[in-house]
1. Looking at A:Val69, B:Thr3, A:Ile274, which one has the Cα that reaches farthest to the positive end of the dipole of the protein assembly as shown (charges on Cβ: Lys, Arg +1; Asp, Glu -1)?
2. In whole Å, what three semi-axes, largest first, describe the equivalent ellipsoid of the stretch A:5-51 built from its Cα gyration tensor (square root of 5 times each eigenvalue)?
3. B:Thr23's amide H: which non-local residues (gap 5+, or another chain) put their own amide H closer than 5 Å, with H modeled 1.01 Å from N in plane and none for Pro or chain starts?
4. Return, ordered by residue number, the residues of the stretch A:112-127 whose backbone nitrogen is under 14 Å from a label point located 7 Å along Cα→Cβ of A:Val69.
5. What residues have an amide H closer than 5 Å to that of A:Ser262, excluding those fewer than 5 places away on the same chain, when H is modeled at 1.01 Å from N in the peptide plane?
6. How large is Rg over Rh for the protein assembly as shown, taking Rg from the Cα atoms and Rh as the Kirkwood inverse mean of 1/r across Cα pairs?
7. By how many degrees, between 0 and 90 and to the nearest 10, does the Cα long axis of helix A:267-292 differ from the longest principal axis of chain A?
8. Please go through the residue pairs A:Lys38/A:Lys168; A:Lys214/A:Lys240; A:Lys63/A:Lys284; A:Lys53/A:Lys150; B:Lys19/B:Lys71 and name each one whose alpha carbons sit more than 19 Å apart in this structure.
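Quick note: the coordinates plus some simple rules give every number you see, no bench work behind them. Source: prediction; values computed, not measured. Note: ideal-geometry Cβ built from the backbone for every residue, glycine included; neighbour counts use all protein chains shown.
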Amino acid sequence: MKEFTYLSPETVEEAIAFHGRHSETAKYMGGGTDVIVKVKEGWMEPDFLISLKKIKELGELHKNDATGVLSIGAMVTHATLEKSLMIQNEYPIIYDAVSNIGSLQVRNVGTIGGNLINAVPSADGAIPLIALDGVALLHGPEGERSVAVKDLFVSPYKTVLKPREILKRITIPPQAPHTGSAYIKFGRRAAMELPLIGIGVLLSLDAIQGRCTKARICLGVAGPTPMRAFDAEKLLTGKKIDEALLIEAGSIAADESRVRDSVRGKAWHRKEMIRVQVKRMGQKCLAQINARH
Amino acid sequence: MTTHISFLLNGDTISVDVKDHWTLLHLLREEMGLIGTKEGCGNGECGACTVIIDKLAVNSCLFLAVEADGKIIETIEGLASTDGTLHPIQQSFVDNGGIQCGFCTPGMIMSSKALLDGNPDADHEAIKHALAGNICRCTGYVQIFESVQAAKKGTAENKGGNNE
């Protein structure tokens, strides 16, 4: 592996300053499960690796009970999210996604922030955060700015982050009480594999009439970046949701997707699976809401 | 660049200078001669290099040696007693046909140990989930899962093993 100097700043400001001093030859590193592979393979050739592991605030996971806002530090590992009872109970879509990223060894080290910044089209970590209307807080030399997670991705492997910017955390706004959410990584096997297609659905229902007040249908590997199926969401919003409507939403989502043929599978198969899985994930959401109320 | 680090390895304090670009796997195998931990793919896909860092199973091929500073690390070399008595998980792999060529075995056993240390009652699903990142090209996994199942009793009786 190429030789580099390892730096481990303790604050975000210090990290940005380090990066400024070494400009083109410096790279930030989260858990390292992607960056180390890239350095080994020669795809990334840093003279300075700036580890973000010692920056305490980036590793914090907490929910503010007063505001209902969930804050996930960028350096929170997938395993921390997977093991959190709060995540399992209140944000099942996050649990569904992170519990099948890589392997346990990767999840014990790999971080949610690293998964987002890596910006692969499959982006298991991104789909639930988009469905939950997550907002990414970025910090750069000019200060902080917020970007919706859905707007974070420009193209495969490229995000809106400027060279020295650091993703600090993702905040999730409070969820309506009658909300269900689910994600499926669909492929030949879950572990150590990229999905053929990733489908996340979130439904919020009006407590009295049971009509859908919010619908999110998010797809991974359905285009160059993670996407929302806006027309399918529109179909569900304001209506009472049943199986027939979910099937229709699945068809619309499949039409909205920009799937293509790849080594992992054919476009027609991906579309078919969107149809089936939007319905199944929608049913899972409804079952969660029924179980809780 | 060289950095001085200290960590606990299988119960012993290690104080050593490491190059910043060394992986923990390189430090263990090439610098310290601890070749029980294997290098398979080198990309975090096969799990042959699995060690336990602060109670978590980690791919040592993707973990920088400098980041081992201050950590508690367990490798396959730390499992058997000094008199050669195998750890219950090791013995169970021997008894239940969990080993064929043996290359994946150290990683399999370290992943199993991390699992059972945290969850001594792990069921079949939990075992499969914990070992999903350890690839074996010989056994077809059935005997490996059986070995971990059978080790559960032994581990409970010998809670803590030899180096905790």
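1. Checking the options against the dipole of the protein assembly as shown, the answer is A:Ile274.
2. Working: eigenvalues 69, 29, 9 Å².
In descending order, the three semi-axes are 19, 12, 7 Å.
3. B:Ala65
4. What the label zone holds, given the 14 Å backbone N cut-off, is no residue at all.
5. A:Ala267
6. On the way: Rg = 22.9 Å, Rh = 23.2 Å.
Using Cα coordinates only, the ratio equals 0.99.
7. In chain A, helix A:267-292 runs at an angle near 80 degrees to the longest axis.
8. A:Lys38/A:Lys168; A:Lys63/A:Lys284; A:Lys53/A:Lys150
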